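A quick write-up on the structure given underneath.
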Amino acid sequence: MKNDINEILKHAVSAAVSALFGESIDPNTVQLSPTRKEFEGDVTVLCFPFTRLSKGLKPPDIGVKLGEYLAANCPEVCNFNVVQGFLNLSISDAYWHRLTDAILQNPNYGEAAPTGKRIIIEFSSPNTNKPLHLGHIRNILLGWSTHNLLKAAGNEVITCKVINDRGVHICKSMLAWQRFGNGETPATTGMKGDHLVGKYYVEFEKQFQKEYAAWQLSDEANDIWAANPTSKEADAETARQAFFKSFYKNHYFNEISELGTSCKKMLQDWEASKPAVRELWETMNNWVYAGFDGTYQKLGVKFDFRDYESITYLLGKEIIEKGRENNIFYQREDSSVWIDLTDVKLDEKIVLRSDGTAVYMTQDLGTANTRYEKYGMDGMIYVVADEQDYHFKVLFEILKRLGEPYSAGLFHLSYGMVNLPSGRMKSREGTVVDADDLMEEVIALAKSESGDRGELDGLTPEERNDICVKIGLSALKYHILKVSPKKAMVFDPKESLDMHGTTGPYIQNAYVRIAGIFRKNTEETTATSSDYQAILPQEKDLLSLLQQYPSTISIAARDHNPADICTYSYVLAKAYHRFYHDVKILGAEHAEEKAFRIRLSQAVAQVLTHSMGILGIELPERM
C-alpha cells in the first residue's frame, strides 16, 4: 500500500541491504516496530538479522550504514539514530501531510481493491417458534460485521440465512395456539408476531409439564418406577423425581403424552400437506417473519436471500446417490447411507436414514450445491455456535471428497455462548432475554444517563431519541463484538454503556468531540495546513494509527475477526481523546497549526465512521 510507511520502509531497507552489502532480501522479512517513547524516532528497524549479510559488521555499525543510506535515498526518512542494534527512523513531516491528504481525498480509505471473489455468508438462521434472543444477537452481529469486513477487503459478499420452519418444535407453538390462543393475533394483541408465537411455545411447555406431573401420580407411572432398579435406593423419592424429570421425559412425550401424540400427528399432517395444518403453519410463520424483520431492521441488518428448511430438507439425496456410485458413501444392511471418515478422525457419519429420509447433513450438502449453482461463489462462511464444530468439520470434509470446486473456500465462523450476569437462558421455560427487550433496555439506560448529564438539552424529543438509540445500540453491538468470537462471554448492559471504558459510547464520544470542533469553527482562514512543521508526538500517534487502518482491515478479514476492528477503533478514539486534552486545536497559536489539526481531526472522524460502520455502529454528533 503506497501510503503505508511500514511497507515503504521495508522496501527501502531491502534496497539498502542490496546496495550496501550486495545481498537480496525479501522486504517482508524486515522487522519493524514503533519506536519506544524514551527514544527519538517513529519507526525502529531491527539490525541484528543483517549481521551475516554485512560480512562481519556489528549491529550498531549496520544501523549507522542503513540510516545514512535511508536518509539519503528514502524521502520519507528525515533523520535517524542508533541505539545498540536498533535503528530509530524519524519520518518526515511531508509524509504525514501526504498521508492526511490521501485519507481526506478517499472516502473509502482503508478498503482494498476488488479481489474478484464472491463469498456467501450464512448467519442468524432462526427457528420460527420463538423471538430472536441474546444468542441470536451475537450470531447476527458477527455475521453482519464479517460481511462488512469482507466487503471492505475487496470481496463481493452475499448474505443469507436458513429459516428453520419445520419440525416438532414448530408444531408445539401451533398446537398451543390452536388450543389455548382463543384466536388472538398480532393485530388484536398489539404484540410482535414472533413474540406472540414464542408465547405459545412457552405455553406448550407449561401445559406439557402440567400433564406430565399429573401422569406421574398415576398407576401406570408407579408401575414403571417400581420396575426400575433405582427404585430400591434409600433416597427413592429423589431418585424418582430425577428419573421422571430427565431420563423418562422424552419417552413419555413420544409414547404416552396426549400433547406429544397430537404434536407428532400435526407434523405428520404437515408433511402430508393437509390444507388446514399448512394454512395455520403459513399464517403463524408469516407472523414470525414480520417480527424478525422488525428486529433485523432495528439492528441495521439485511439479507440478500433466505433458504427455508421446509424446502432444503429435501435437497442432497441426488448428491448422495452420485457419491455412492463413486464409493464415497456406502449403504448398510438397514438401507441407511453413511460415510467413513475415520481416516481423518471424524468417525462414521450417517447421511440418509434407513427409511430414505434426510438428516441435517443431507440438506446442508444440497443447500451448498444449490447455492454454488445459483451464485458460483468462491467461498462460503457459516456463522454458527461452537456446539456445531463437529458437524461443519464433517460437512467440509464430505464436500472436499465430493470434489466440489468451492470446498477449499468453506469456513465455519464458530463462536462461544453469550449469557447475562444472571446466567444461562432456556427458551422453553421462557427465561430467554429476547433481542427486542434487550435493545430496549440498553436504549432506556442510554436515555437515563444522557438525561442525568443534561447534554441533550435544547434538542427536540425526536433528536434526543435518535441519539439515545444510536448510543444504546452502540453499547450493545460493541460490547458483544469486542470479544473474540471463539470466547464465551457475558453481556452486562450497564457495563456496556460506561463512557470511560472499552465501550462503543466511549468511541462515539471521540467523534462527538470532533463534531463539536467543526460546529465551533466559524472563522475562515487562508492558512495552508501543509505549512505546519514540527508535528507533535500526539499528532504522530494519531497519524501512525491512521496509516495502519488498511492493514488492520486486511488482517481482520483474513482472520474473520471483527474484534480486531473493535480494538483498533478503541485505540484510535483513546489517542484522539488524549490529543484533544493535550493540544490546542481551535485555540492553536498559529493559523497553519489550527488548519492542520482540524484536517487531522477530520481524518480521524472519517476513519472512525468507517471502522465503526463495519461493526454496524452509527456515530451521533451529540451525546
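Descriptive notes on the structure:
- Between the amide H of Asn79 and those of Ser90, distances stay under 5 Å, these residues lying 5 or more places away or on another chain, with hydrogens modeled in the peptide plane.
- Lysines whose Cα lies under 22 Å from that of Lys540, excluding same-chain neighbours fewer than 8 positions away: Lys2, Lys10, Lys37, Lys574, Lys584, Lys594
- Phi angles across segment 461-466 convert, under the Karplus curve 6.51 cos²θ - 1.76 cosθ + 1.60 with θ = phi - 60°, into 3J(HN,Hα) values of x, 5, 5, 5, 5, 4 Hz, Gly and Pro given as x.
- Label point 7 Å beyond Cα of Asn254 along Cβ direction - residues of segment 300-342 with amide nitrogen under 18 Å: 336
- Difference of contour (0.36 nm per residue) and Cα-Cα distance, Arg98 to Ser246: 46.5 nm
- MRE, 222 nm, helices only [DSSP H, n ≥ 4, -39500 (n - 2.57), over the chain, to nearest 500]: -17000 deg cm²/dmol
- The label-point distance for Lys151 and Asp492, in a model that sets each label 7 Å from Cα toward Cβ, rounds to 3.4 nm.
- Working from label points 7 Å from Cα in the Cα-to-Cβ sense, the Asn79 to Lys302 distance is 5.1 nm.
- Accessible area of segment 158-271 divided out per residue, in Å², using a probe of 1.4 angstrom: 50 Å²
- In this structure segment 1-137 gives 47 Å² per residue of accessible area when probed at 1.4 Å with all protein chains present.
- Relative to the longest principal axis of the Cα atoms of the chain, the long axis of helix 134-152 makes an angle of roughly 40 degrees.
- Cβ-Cβ distance of Thr51 and Trp338, R₀ of 56 Å, FRET efficiency by 1/(1 + (r/R0)^6): the value works out to about 0.40.
- In this structure the amide hydrogen of Leu420, modeled in the peptide plane, comes within under 5 Å of the amide hydrogens of Phe491, none closer than 5 places in sequence on its chain.
- Estimated translational D of segment 498-537 in µm²/s (Stokes, Kirkwood radius over Cα pairs; 20 °C; 1.002 mPa s): 166 µm²/s
- Crossing angle, helix 435-453 versus the chain [Cα axis fit, 0-90 degrees, rounded to tens]: 40 degrees
- Long-range HN-HN contacts of Thr44 with modeled amide H, under 5 Å: Ser33, Thr35, Leu89
- Residues in segment 592-597 carry Karplus couplings, in order, of 5, 5, 4, 4, 5, 5 Hz; the curve used is 6.51 cos²θ - 1.76 cosθ + 1.60 with θ = phi - 60°, and Gly or Pro positions show x.
- Spatially proximal aspartates and glutamates relative to Lys199 (Cα-Cα < 13 Å; intrachain offsets below 8 disregarded): Glu184, Glu429, Asp434
- Per DSSP, loop GluC sites (Glu not before Pro) in segment 328-374 with at most 12 further Cβ within 10 Å: Glu333
- Helix axis angle, 360-375 relative to the chain longest principal axis, alpha carbon, degrees: 50 degrees
- If R0 is 45 Å, the Cβ-Cβ spacing of Glu279 and Asn28 corresponds to a FRET efficiency of close to 0.10.
- Cα centroid separation, segment 502-555 to segment 235-310: 53 Å.
- Per-residue HN-Hα couplings for segment 91-105 [Karplus 6.51, -1.76, 1.60; θ = phi - 60°; Hz; x = Gly/Pro]: 8, 5, 4, 4, 5, 5, 5, 5, 5, 4, 4, 5, 5, 5, 7
- When a 1.4 Å probe is rolled over the protein heavy atoms, the share of accessible surface on segment 73-160 that falls to carbon and sulfur comes to 49 percent.
- Distance in nm between pseudo-label sites at Asp355 and Ser484 (7 Å out along the Cβ direction from Cα): 4.5 nm
- Descending principal axes extents, the chain, alpha-carbon based, whole Å: 95, 67, 56
- 21 Å Cα-Cα threshold exceeded, pairs from Lys477/Lys520; Lys117/Lys374; Lys374/Lys477: Lys477/Lys520; Lys374/Lys477
- Charge dipole of segment 50-208 (Cα centre as origin; +1 on each Lys and Arg Cβ, -1 on each Asp and Glu Cβ, all else neutral): 580 debye, rounded to the nearest 20.
The values are calculated or read from the model by the stated rules, or taken from the named source; none is laboratory data. From a predicted model like this one, the values you see are computed outputs, not experimental measurements. No Cβ is skipped: glycine too gets one built from the backbone with ideal geometry, and neighbour counts run over all protein chains shown. When the accessible area is computed, the model is the full protein with side chains, heavy atoms only, and any ligands, DNA or RNA have been set aside. Shrake-Rupley method; radii C 1.70, N 1.55, O 1.52, S 1.80 Å.
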